[in-house]
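Reviewing the structure listed below.
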Amino acid sequence: MVEIMIVVLTIALLSAIALPGFRKARTQALLTGVANDIKVFGDAFDLYALERGGYPPDYHQGAPYNLPNAAMEEYLDAETWAAVTGVGGNYNWEGPDAYPYAGISIFGATSSEDIMRQLDKILDDGDLTSGMFRQVAANSRYTYILEE
């Protein structure tokens, strides 16, 4: 009986040590996926701008979060764009006709500011008030700026 209790205690102790590491690894993998999506989307919008002479106009519609125009389907996967992000919310295009920048925002992110700061470290400088990835004061969205 004592031997079984020692085995159970050992397993519980190892689990208590390992679980925080697993959670951290899971969060890091999730954020890396979001950062990859944003970079791929950014490249697609940059290619669109290069081939067509400018970024598409802002997409002013609400859910579902469709692409700004049908031509963008040539450049990126519409299903991935419309899916819920790993940090909650949806991707949204903020075009230069409505904002002083062109960028990809996360509309309705549900993750904590600490998680978003970790995402910023992957994409940029880790400071949500500056750099290419930041929280825009005008609408409080986390936005990856492609051009200002």
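Just so it is clear, none of the values below were taken in a lab; they were calculated from the coordinates. What you are looking at is a predicted structure, and each value in this text was computed from that prediction instead of being measured. All Cβ positions, glycine included, derive from the backbone under ideal geometry; neighbour counts span all protein chains shown.
Taking amide H atoms as placed 1.01 Å from N in the peptide plane, list the residues 5 or more away in sequence, or in a different chain, whose amide H sits under 5 Å from that of GLU147.
For GLU147, the qualifying residues are ALA102.
If you count, for each residue, the other Cβ atoms within 10 Å and average over each peptide, how do 69-76, 140-147, 87-94 line up from highest to lowest?
Ranked from most to least packed, the peptides come out as 87-94, 140-147, 69-76.
How far is helix 113-123 tilted off the main Cα axis of the chain, in degrees rounded to 10, range 0 to 90?
Rounded to the nearest ten degrees, it is 70.
About its Cα centre, how strong a charge dipole does the range 34-147 have in debye, to the nearest 20, once Lys and Arg get +1 and Asp and Glu get -1 at the Cβ?
Dipole of the range 34-147, to the nearest 20 debye: 240 debye.
Positive end of the charge dipole of the range 18-110 (Lys, Arg +1 and Asp, Glu -1 on Cβ, about the Cα centre): tell me which of GLY88, ALA71, LEU19 has its Cα farthest that way.
In the range 18-110, that residue is LEU19.
Counting Lys and Arg as +1 and Asp and Glu as -1, what is the net charge of the other residues whose Cβ lies under 14 Å from the Cβ of TYR101?
Every neighbour counted, the sum reads -4.
Per 5 Å bin from zero, what fraction in whole % of the C-alpha pairs of the range 1-133 is there, up to the bin with the longest pair?
2, 9, 16, 19, 15, 11, 6, 4, 4, 4, 3, 2, 2, 1, 0, 0
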